[in-house]
Amino acid sequence: MADFTGRKPYIAGNWKMNLDRMTALDLVKTIKGRLGDGDDREVAVFPSFVYLADVVAVAQGSPLGVGAQNLYFEEKGAFTGEVSAPMLRDVGATRVLVGHSERRHIFKEPNDVMGPKVAAALKADLLPILCVGETLEERKAGRTRQVVDKQLKAGLAGLTPEQAHRVTIAYEPVWAIGTGVNATPEQAGEVHAFIRGKLKDLFGIDASQGIRILYGGSVKPDNVKDLMAVEDVDGVLVGGASLKPDLFLPIIEFDR
Ligand code: 13P
């Protein structure tokens, strides 16, 4: 039986299609210099594919994790423009985002590829963050739970409790991403508790207690503490504010 104890706070920076090589490496150096031993919190950055190897090299010797923003579920073959899980491992990435809302909504990635992507990541020993979340329209129509449920079931399809324990969930309401309007702690808490309940249905109480659920969407230094105080919020997935040391460092170093 896997060890399902403890949920160390997880602060992840999704850089999206931002930063040039120099700026990315400078930012990694700065974060690395401030991390300490990483005992009480886990920090990771998700740069563009093309900078992964360089970022991994700079992060070496520190607890800073490095991951990709996407992957394809096949290992190799005629899939022009795609990147596989073994390729990500090969350049030193240890994590990967799956199903970010920008992949789902801008690039029309269907919900049913998320399960194969999560499975491919785990097979290559990458730790996936499965992103879920409703649009404003879906929230207004009272469909938040239904949407999140469907995304969780597809993304976690076929996993054993031991495998699920290596997955992190990120709840990112689409209406809160890049808008400056974060979900309130109450709104986040409600959906996170719902997700925890679904994880329990799928994988049992022990595994569900060990899986971290991050919140993402307009996380800033001035709201991180309140969000992190919510019972089922185990970390944050940060976009815009992860691009600048003066915003990302205070988020990483939030007062527990
Ligand atoms: P913002 O923090 O810029 O709202 O982005 C959130 C996000 O999409 C992280 O994956």
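The values are calculated or read from the model by the stated rules, or taken from the named source; none is laboratory data. These figures come from a predicted structure and were not determined experimentally. So basically every Cβ, Gly included, is an ideal-geometry build from the backbone, and we count neighbours across all protein chains shown.
Which of the residues belonging to segment 7-25 are of a type outside the set (A, V, I, L, M, F, W, C) and either closer than 19 Å to PRO63 by Cβ or assigned to a loop (DSSP other than H, G, I, E, B) (or both)?
Listed by number, the residues that qualify are ARG7, LYS8, PRO9, TYR10, GLY13, ASN14, LYS16, ASN18, ASP20.
Spot the failing condition for GLN163; the list is (1) among the polar types (S, T, N, Q); (2) at pLDDT 95 or above; (3) within 16 Å of the ligand (Cβ to nearest atom), and only one is missed.
Unmet condition: (3).
Restricted to segment 65-122, and to residues that are within 16 Å of the ligand (Cβ to nearest atom) and part of a loop (DSSP other than H, G, I, E, B), which residue is nearest to GLY33 (Cα to Cα)?
Applying the filter and picking the extreme gives GLN69.
Which number in (1) under 26 Å from SER218 (Cβ atoms); (2) touching a residue at least 24 places away in the same chain (Cβ under 8 Å) marks the one condition that ASP20 misses?
(2)
Does LYS32 satisfy the condition of being part of a loop (DSSP other than H, G, I, E, B), modelled with pLDDT of 95 or more and over 18 Å from VAL224 (Cβ atoms)?
Judged against the criteria, LYS32 is not a match.
Yes or no, residue by residue, for (1) surrounded by fewer than 20 Cβ atoms within 10 Å (Cβ to Cβ); (2) among the aliphatic types (A, V, I, L, M):
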| residue | (1), (2) |
| --- | --- |
| LEU130 | no, yes |
| GLU138 | yes, no |
| GLY155 | no, no |
| PRO161 | yes, no |
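Could we say that VAL50 is free of Cβ contacts under 8 Å to residues at least 40 places away in the same chain, touching a helix residue (DSSP H, G or I) at 6+ places or on another chain (Cβ under 9 Å) and not in a helix (DSSP H, G or I) here?
In short, no.
In this structure, is ILE177 of a type outside the set (Lys, Arg), farther than 19 Å from VAL219 by Cβ and within 12 Å of the ligand (Cβ to nearest atom)?
no
Does LEU64 count as farther than 27 Å from GLU109 by Cβ, at pLDDT 95 or above, under 18 Å from the mean Cα position of the chain (by Cα) and surrounded by 18 or more Cβ atoms within 10 Å (Cβ to Cβ)?
yes
When you look at ARG166, is it part of a helix (DSSP H, G or I) and more than 13 Å from MET114 (Cα to Cα), yes or no?
Taking the combined requirement at face value, the residue does not satisfy it.
Looking at segment 92-107, which of the residues that are touching a strand residue (DSSP E or B) at 6+ places or on another chain (Cβ under 9 Å) and surrounded by fewer than 19 Cβ atoms within 10 Å (Cβ to Cβ) is nearest to ALA121 (Cα to Cα)?
For segment 92-107, the residue satisfying everything is THR94.
When you look at GLN187, is it touching a residue at least 60 places away in the same chain (Cβ under 8 Å) and either hydrophobic (A, V, I, L, M, F, W, C) or more than 26 Å from ILE31 (Cα to Cα) (or both), yes or no?
When the stated conditions are applied, GLN187 does not pass them.
Quick grid of which residues meet (1) closer than 19 Å to ALA12 by Cα; (2) in a helix (DSSP H, G or I); (3) charged (D, E, K, R):
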site: ARG139; (1), (2), (3): no, yes, yes
site: ASP149; (1), (2), (3): no, yes, yes
site: ALA170; (1), (2), (3): yes, no, no
site: ASP232; (1), (2), (3): yes, no, yes
site: LEU237; (1), (2), (3): yes, no, no
site: ASP246; (1), (2), (3): yes, yes, yes
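Output yes when any residue across segment 239-246 is more than 22 Å from LYS32 (Cβ to Cβ) and surrounded by fewer than 19 Cβ atoms within 10 Å (Cβ to Cβ), and no when none is.
Checked against the condition, which is being more than 22 Å from LYS32 (Cβ to Cβ) and surrounded by fewer than 19 Cβ atoms within 10 Å (Cβ to Cβ), segment 239-246 yields no hits at all.
Of all residues in segment 186-224, which are more than 18 Å from the chain's Cα centre (by Cα), within 16 Å of the ligand (Cβ to nearest atom) and in a helix (DSSP H, G or I)?
GLN187
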